[in-house]
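Since every read-out is calculated from the coordinates, none of them should be taken as a lab result. Computed from a prediction, not measured in an experiment: that's the story for all the values here. All Cβ positions, even for glycine, are placed from backbone atoms using ideal geometry, and neighbour counts span all protein chains on display.
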Amino acid sequence: MDIKALKKISELDVFSLLVFKIIYETGFANLAAKELGVSAPKISRCLTALRLTFDDELFYRRQQGLKPTALAEHLYQPICEFCESASNIERIVCAGNKTNSSKVLNIAVTPIIINSLALSLGREEVMDKLGKVRLHLWNEYSEEKIHQGDIDLGINFGGACVTELESQVIGISTSTSIAARRNHPIWNSGYIDLEEISNYPFLILEGKGFNDKLDPFEIYCRQSGIEPPSISRVTSVSEWFCHLLTMRSFSFMSTAESKVLGSLDDLRVEKLPAFERQKLVGKCLSPEYNIIERSSPYRRYCENSREIILDSVKYLISL
């Protein structure tokens with residue numbers, strides 16, 4: 001066997017072979033992109049790599065679509081068998097992943113819901129199915145780490161910026177809570193009014209893709225001609241908590257997180273009245289929570305695990 005040829009073939013990934021199989025069966029590259037859930041340029045790059053590897057055009061254009069060359073005709077059956085073997089391996093891995101295992105599932109999560117998601121995924125009945133889960137705070141490097149395989153998937157606002165990654169909208173939150181020290185003056189009136197609380201220092205817990213550039217409360221204040229005494233930003237929940245206690249600030253938070261942090265003795269958390277929340281959100285579109293991950297052939301978790309995570313996030317943002 002030609003060692004050089006074998007080396008070139010060994011450098012092909014399963015995804016490229018799936019591209020070959022689907023183009024052969026459908027005759028169209030755009031159908032391959034649609035079925036695999038990737039962009040047309042990615043399919044084009046895979047096809048180029050296949051042609052270079054096999055030193056053959058593989059498919060030529062006709063009015064009816066892409067037609068296979070003689071070599072492609074010979075390659076089709078062994079490639080189908082290889083893809084089926086890869087699929088069998090995936091099924092075996094997925095079956096193992098449905099029970100408790102030592103494998104750690106790494107998830108990057110927006111700080112907006114990281115604590116409540118940890119509680120949800122840490123329940124015994126969930127861990128029996130998922131195994132161990134390590135949550136990482138989402139930051140500017142998270143997408144690249146998902147792309148490289150250092151992190152399995154991410155939960156954040158907005159779609160993926162890295163073109164090789166896939167995004168799926170999970171949903172939007174329909175409520176907001178407000179947090180401050182138990183003895184903070186904002187609680188004195190018995191009703192939270194946005195104009196009234198704007199007289200106090202405001203704290204933002206940044207969520208990339210949501211309020212990392214401009215928070216909804218900042219927009220409200222500008223539109224209302226209000227200038228708060230100070231606006232501070234933090235990126236971690238620990239910083240956020242300390243700031244609330246020592247700087248006499250107030251902050252908005254997800255209602256899911258309020259279930260966790262509201263139990264702390266020195267902190268008071270209340271759900272923002274619907275009328276005030278409408279004033280806060282205004283005509284802005286509510287940010288969408290997304291799951292961000294690699295394409296299906298590269299995932300190290302099965303569909304069952306994925307659905308458990310999605311269901312957990314959907315429940316949290318519905319609170």
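Calculate the FRET efficiency for GLN64 and GLU164 from the Cβ-Cβ distance with a Förster distance of 30 Å, rounded to the nearest 0.05.
Values: r = 31 Å, r/R0 = 1.02.
My answer for the efficiency is 0.45.
By the combined test of axial Cα extent (at least 30 Å) and Kyte-Doolittle hydropathy (mean at least -0.5), the qualifying DSSP H helices of the chain come to 70-97.
Note on ASN183 and GLU124: their simple-model spin labels are 4.1 nm apart, each label 7 Å out from Cα toward Cβ.
Summing charges over neighbours of VAL313, with a neighbour being any other residue whose Cβ is under 15 Å away from its Cβ, gives -2 when K and R count +1 and D and E count -1.
Which of GLU257, GLU124 comes first, and how do the rest follow, when ranked by fewest Cβ neighbours within 10 Å?
Ascending Cβ contact count within 10 Å gives the list GLU124, GLU257.
In this rough spin-label picture, where each label sits 7 Å from Cα along the Cβ direction, the GLU196-GLU84 distance is 7.1 nm.
DSSP beta bridges confined to the chain are antiparallel in about 60 percent of cases.
Mind checking the full-extension length gain between GLU307 and ALA49? Use 0.36 nm per residue of separation minus the Cα-Cα distance, one decimal, nm. Don't skip to the answer; put the middle values down first.
Numbers: separation 258, 0.36 × 258 = 92.88 nm, distance 3.33 nm.
So the extension gain works out to 89.6 nm.
Note on LYS103 and TYR76: the model spin-label points, each 7 Å out from Cα along the C-beta direction, lie 3.3 nm apart.
Taking a ≥ b ≥ c as the square roots of the Cα gyration tensor eigenvalues, with a/c under 1.5 meaning rounded and otherwise prolate when a/b beats b/c, else oblate, which class fits the chain?
Prolate, because a/c is 1.5 or more and a/b exceeds b/c.
Note the full-extension length gain between LEU31 and SER295 as 0.36 nm times their separation in residues minus their Cα-Cα distance, in nm to one decimal.
Between LEU31 and SER295, full extension yields an extra 93.5 nm.
Between GLN278 and SER232, the FRET efficiency estimated from the beta carbon spacing at R0 = 25 angstrom works out to 0.50.
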